[in-house]
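Accompanying notes for the structure given below.
The values are calculated or read from the model by the stated rules, or taken from the named source; none is laboratory data. In this text, all values refer to a predicted model and were calculated from it rather than measured experimentally. Ideal geometry is used to build each Cβ from the backbone, glycine not excepted, and the neighbour counts take in all protein chains shown.
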Amino acid sequence: MDRTEKIIVSAVVAALMIAGAGLFLFSLAEPKLKADADNTKCVSNLKMLGLAMLLYANDNQMWLPDSNGAAGLNQTVQYGGNAQIFFCPATKSRYLYQGGIFPPACDSPSSTPLIWEPNFPHDGKKNVVFLDGHCEGVSPAEWGSVSPNTKKAVKLSKQRAGAGGSK
């Protein structure tokens, strides 16, 4: 083997080693990339469901579906999306929903949860879409201070319903 062949062989071996190292490093990062992709998809699902809820309210004198959970979410199917948007891609669990909210009776839509995950699968946070349409990750400590607003919004809605009727 002459000198040129040795240089070519050395270059090929070095390139293969670099490619192998790159694949190895990518395989180490892959679980984090998958988790980030699942979180992004989850936020997208929740934002679509939140928009579907607001479209439903627009067509129903501003009332959101009365039924809790899946039954309430299923009432929004006609407003777009497919069955996959009702589930978190990370856990395959169905999103939760508190029914019977009358958005005009809510004094804090930016802190009133509309749809959320049943657990905290995204780096210790659950994704929540709020009544104003924004979506964010909420830690267990933050959820403790956020979730009572839903009860308050439902109570306000029921008071409003008693005064003026509901859908």
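Figures for the structure shown
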| item | result |
| --- | --- |
| Search result, residues across segment 97-128 that are of a type in the set (A, V, I, L, M, F, W, C) and either farther than 15 Å from G72 by Cα or surrounded by fewer than 19 Cβ atoms within 10 Å (Cβ to Cβ) (or both) | A105, C106, F120, V128 |
| Check on T91, within 20 Å of N58 (Cβ to Cβ), hydroxyl-bearing (S, T, Y) and in contact (Cβ under 8 Å) with a residue 12 or more places away in the chain | no |
| Tally of residues being surrounded by fewer than 19 Cβ atoms within 10 Å (Cβ to Cβ), among the hydrophobic types (A, V, I, L, M, F, W, C) and either in contact (Cβ under 8 Å) with a residue 12 or more places away in the chain or assigned to a loop (DSSP other than H, G, I, E, B) (or both) across segment 131-145 | 1 |
| Members of segment 90-139 that are among the hydroxyl-bearing types (S, T, Y) and in contact with a Lys or Arg (Cβ under 6 Å, 6 or more places away or on another chain) | S139 |
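Residue-wise test of (1) surrounded by 14 or more Cβ atoms within 10 Å (Cβ to Cβ); (2) modelled with pLDDT of 90 or more; (3) within 20 Å of G137 (Cβ to Cβ).
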site: M1; (1), (2), (3): no, no, no
site: M17; (1), (2), (3): no, no, no
site: L33; (1), (2), (3): no, no, yes
site: D38; (1), (2), (3): yes, yes, yes
site: W63; (1), (2), (3): yes, no, no
site: Q78; (1), (2), (3): no, no, no
site: F87; (1), (2), (3): yes, yes, yes
site: R94; (1), (2), (3): yes, yes, yes
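Results for (1) within 22 Å of D36 (Cβ to Cβ); (2) of a type outside the set (S, T, Y); (3) over 18 Å from the mean Cα position of the chain (by Cα); (4) in a helix (DSSP H, G or I), shown as yes or no for each residue.
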| position | (1), (2), (3), (4) |
| --- | --- |
| M62 | no, yes, yes, no |
| P65 | no, yes, yes, no |
| A70 | no, yes, no, yes |
| Q84 | yes, yes, no, yes |
| G100 | no, yes, yes, no |
| V129 | yes, yes, no, no |
